[in-house]
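To keep things clear, I will list the structure first and then write my remarks on it.
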Amino acid sequence: MIIYPAIDLYEGKAVRLKRGDYTQMTVYSDDPLTVAKSFKEAGATALHVVDLQGARDGKPENYEVIKQIANEAGLFVQYGGGLRTAEVIEKTLSAGVNRVILGTAAVSRPGFLEEMVKKHGEAVGVSADIKDGFVAIKGWTEVSKINTLEFCDTVVNQGVKTLICTDISKDGMLSGTNIELYQTLRSRLPIGLIASGGVTSIDEIKKLSELGVDGVILGKALYTGDIDLTKAVGVEKCR
């Protein structure tokens, strides 16, 4: 299992939202690269980065920041937020990002997703952001009519090898993650599964590891000190 500390970017800063609400934003650092380097010093090997402006508005707005992180942090970087054209995806991968994560484009343009997977292989992953059993899009500002499990099955059929699943109701709340959701998905999906949203304790990380989840994204709990990254990485190494 791989631990992915998270950096959400907004106007070049590292921030966190509560339940995906852009009006409930907390700025944690004006220097995301320093944050990324601190994660590496704590033992992390990978990083999850989201351009919140890009996710909401449809095109990346923090490109120079992600390029800097990808080239200087010394971590495996997966990145999403506004990646909705072949040109933008090519540019992002060329900038040093190891894996791009498609969200809105994967929902609204399934043919495009399949095309990108054929071209870039495992360097393309998908994010399924869940609200009330349906997939949310456009930076969580809209909820589609696509059922979560049906969407996940479609993603598998299109050749995707990595799926990130976030329960929006849990994100940024420090209320615990949706263990039942990941248990259901793990038993159903034959691909890499990364859990995201509300992970608050080392015990939860251990439970997710026992379920066979391939990765865990840690966000607000790291910034508030509820989870010690060094200890979380210790669970990763025990798998």
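Please say if the stretch 1-62 is rounded, prolate or oblate, where rounded means a/c under 1.5 for a ≥ b ≥ c the square roots of the C-alpha gyration tensor eigenvalues, and otherwise the choice is prolate for a/b larger than b/c and oblate otherwise? Prolate, since a/c reaches 1.5 and a/b exceeds b/c. Rank GLY192, TYR63, ALA42 by how far each Cα sits towards the positive end of the charge dipole of the chain (+1 on Lys, Arg Cβ; -1 on Asp, Glu Cβ) and give me just the farthest. Farthest towards the positive pole: GLY192. Of all DSSP bridge pairs formed entirely within the chain, close to 30 percent run antiparallel.
With Cα atoms defining each centre, the stretch 96-126 and the stretch 71-87 are spaced 12 Å apart in the structure. For the stretch 119-133, the Karplus equation 6.51 cos²θ - 1.76 cosθ + 1.60, evaluated at θ = phi - 60°, returns couplings of 7, 10, x, 6, 6, 10, x, 10, 10, 10, 9, 9, 9, 6, x Hz by residue, with Gly and Pro reported as x.
Assigning unit charges at the beta carbon (Lys, Arg +1; Asp, Glu -1) and nothing else, what dipole magnitude in debye, to the nearest 20, does the stretch 1-140 show about its Cα centre?
Numbers: 17 positive and 18 negative charges, 48 e Å.
About 220 debye.
DSSP finds beta bridges in the stretch 1-121, and of those with both partners inside it, around 40 percent are antiparallel. Residues whose amide H comes within less than 5 Å of that of ILE164, counting only those at least five positions distant or on another chain, are VAL126, SER127, ALA128, ILE194 (H built at 1.01 Å from N in the peptide plane).
The slack between ILE202 and LYS18, meaning 0.36 nm per residue of separation minus the straight C-alpha distance, is 64.1 nm.
Go ahead and collect, in residue order, the members of the stretch 1-45 whose backbone nitrogen is under 16 Å from a label point 7 Å along the Cα-Cβ direction of GLU64. Counting backbone N atoms under 16 Å from the label point, the list is 10-14, 30-34.
Rule-based calculations on the coordinates, nothing more; no lab input. These numbers were taken from a predicted model, which means no experiment stands behind them. All Cβ positions, even for glycine, are placed from backbone atoms using ideal geometry, and neighbour counts span all protein chains on display.
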